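Participant: Structure provided below as structure tokens; questions to follow.
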Amino acid sequence: MDIVTLFPAMFEGPMTQSLLGRARDRGLINVQIHDLRRYSAGDRHRTVDDRPYGGGPGMVLQAEPIYKALKAIKAAGTRDFGGKQKFYVIYMSPQGRVLTQKQALDIAARPWVIVLCGHYEGVDERIMDFVDEEVSIGDYVLTGGELPAMVLAETVLRLIPGVVKEPGSLLEESFQERRLDFPHYTRPSVWRQRRVPAVLLSGNHQAIKAWRSKRAQSATLKKRPDLLSR
């Protein structure tokens, strides 16, 4: 995954710690962060934005620096992929389709993904000819696309084989089957007079499976009934 951003330092923590950090160290995933200002027109401010035509507040990211960044990433990445793979460009935008687990699975299946982080009032609309998909993480507006890109990376890259230590756990997660996950408990079995459900201590795997299925269904009905109505 390649990520194009105005603020590459923002990714140093999330991409180097915890699950993704370990996966990168083991060579299971490859995440490259690209500073968009490297592809500016070359002025001393490394400008990549300008005022919108027609007037109005804010600034707009120019098309040319983004185009040059995509072209450079393709040139470098083509060597790694033997020149056969086409990259898939995702623009993080509040106008995009809201990210779902199914969408994350589809993206994870693609061999080469480039994520473009918007900023200010967005990007010059002409660069959208080179974007394959717009993705949002919710119906609200953030300062820029960096935090959404981190969410996308975490959601997608953890689905790569070997990243999660126990791959079976991915099959029972929330949203995997249009329902939420079942409740989880751990030691001690009694905590402040609150007991773990007896069925989980029974050793009866069939009964445990039925209990978990029922509780997942009831949790979905209570918290996210819209998932069941889709």
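Readers should treat all values here as calculations from the given coordinates under stated rules, not as data from a laboratory. Treat the numbers as computed from the prediction; the structure is a model and nothing was measured. Don't worry about glycine lacking a Cβ; one is built from the backbone with ideal geometry, like all the others, and counts go over all protein chains shown.
Participant: With bins 5 Å wide starting at 0, give me the P(r) of the stretch 174-229 over every alpha carbon pair, in whole percents.
Facilitator: Final binned percentages: 4, 19, 23, 19, 18, 12, 4, 0.
Participant: Based on Cβ point charges of +1 for Lys and Arg and -1 for Asp and Glu, what charge dipole magnitude is obtained for the chain about its Cα centre, in debye rounded to the nearest 20?
Facilitator: Value, rounded to 20: 1360 debye.
Participant: Can you count the Lys pairs in the chain with C-alpha separation below 16 Å, eight or more apart or on different chains?
Facilitator: 6
Participant: Could you work out the per residue convex hull volume over the alpha carbons of the stretch 2-157, in cubic angstrom?
Facilitator: Expressed per residue, the convex hull around the Cα atoms of the stretch 2-157 is 123 Å³.
Participant: Name the residues whose placed amide hydrogens come within less than 5 Å of the amide hydrogen of Asp2, ignoring near sequence neighbours (fewer than 5 apart) on the same chain.
Facilitator: Result for Asp2 returns Gln32, Val113, Ile114, Val115.
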